[in-house]
Amino acid sequence: MKKALTIALALCMVLALAACGGGDADATPTPNYDGSTPTDLLGPSPSPTPAHDPEPVDELIINGVHLVRGGELTGVGYSDFDYADGVLTVSDVTVQGTGGVITVSGGDLEIVVSGEVTLAGEGASAIRGDDSNITITGDGTLNVSATDAAAIDLSGSLSVGCALTAVGDPACSSESVSALEGFAVTVNDGANLTVAAA
């Protein structure tokens, strides 16, 4: 009787597991996607996420890291740099980059400087803008330099409303350089550009 009861109980457990789908997960072999994930192969989900508001710039790269790509935020940040709606706030930092420090394209950018900020490019411009105008404001001091390149290289114009010292070959290559209210360009001799409070 015990043997029959044990067999009946084991059979009930097998049927219960089969009905619940609780089979051995390792029994099904994992397909080989040759380096791609299943998400890569399945295409978009049936209910796509709503479109994000486009950013005022197409691309914003800080020391090689994309904060904005294709007019969309990437969700990646960079220490001491805070970006929102076309405004990049930079606070008390020294950054040296071989490919440039701040690169923007496809829109106008305002850089707000807080504290002492030093940006140095090696063999590339520290600040670069393609199809962009840049405005620099704030209560801090910005020191920009580059070796074997323009410290600031813009296809558009540069407007400055904070203390700025730029040194490069040349210091600034842009359509125009202007000082905002309360500031004045005190040196602009090619290799050096200085903006100070008026």
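The values are calculated or read from the model by the stated rules, or taken from the named source; none is laboratory data. Just so it is clear, the structure is predicted and the values come from calculations on it, not from any experiment. Backbone-built Cβ (ideal geometry, glycine too); neighbour counts: all protein chains shown. Just so you know, the surface numbers come from the protein's heavy atoms only, side chains and all, with ligands and any DNA or RNA stripped out. Shrake-Rupley method; radii C 1.70, N 1.55, O 1.52, S 1.80 Å.
Quick look at the values:
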read-out: Subset of the range 72-108 that is closer than 19 Å to Asp58 by Cα and in contact with a Phe, Trp or Tyr (Cβ under 9 Å, 6 or more places away or on another chain) - its residue that is surrounded by the fewest Cβ atoms within 10 Å (Cβ to Cβ); value: Gly77
read-out: Residues satisfying the stated conditions in the range 153-169, i.e. open to solvent by 50 Å² or more (accessible area, probe 1.4 Å) and either free of Cβ contacts under 8 Å to residues at least 24 places away in the same chain or in a loop (DSSP other than H, G, I, E, B) (or both); value: Ser155, Asp169
read-out: Residue within the range 120-129 that is among the hydroxyl-bearing types (Ser, Thr, Tyr) and in contact (Cβ under 8 Å) with a residue 40 or more places away in the chain present; value: yes
read-out: Count of residues meeting criterion [open to solvent by 40 Å² or more (accessible area, probe 1.4 Å) and under 18 Å from the mean Cα position of the chain (by Cα)] in the range 120-130; value: 2
read-out: Number of positions in the range 124-152 that are closer than 15 Å to Gly99 by Cβ and either touching a Pro at 6+ places or on another chain (Cβ under 6 Å) or assigned to a loop (DSSP other than H, G, I, E, B) (or both); value: 7
read-out: Lone unmet requirement of (1) surrounded by fewer than 16 Cβ atoms within 10 Å (Cβ to Cβ); (2) small (Gly, Ala, Ser); (3) within 27 Å of Asp58 (Cα to Cα) for Ala191; value: (3)
read-out: The range 52-71 - residue that is part of a strand (DSSP E or B) and closer than 22 Å to Ser159 by Cβ and, of those, most open to solvent (accessible area, probe 1.4 Å); value: Glu59
read-out: Selected residue [closer than 24 Å to Glu181 by Cα, assigned to a strand (DSSP E or B), open to solvent by less than 10 Å² (accessible area, probe 1.4 Å) and free of Cβ contacts under 8 Å to residues at least 40 places away in the same chain] from Val113, Val117; value: Val117
read-out: Residue within the range 138-152 that is open to solvent by 30 Å² or more (accessible area, probe 1.4 Å), under 13 Å from Val104 (Cβ atoms) and within 24 Å of the chain's Cα centre (by Cα) present; value: no
read-out: Pairs, first farther than 20 Å from Thr118 by Cα in the range 53-71, second among the aliphatic types (A, V, I, L, M) and part of a strand (DSSP E or B), C-beta under 7 Å, six or more apart; value: Glu55/Val68; Glu55/Leu73; Val57/Val68; Val57/Val104; Val57/Leu109; Glu59/Val68; Glu59/Val104; Val68/Leu60
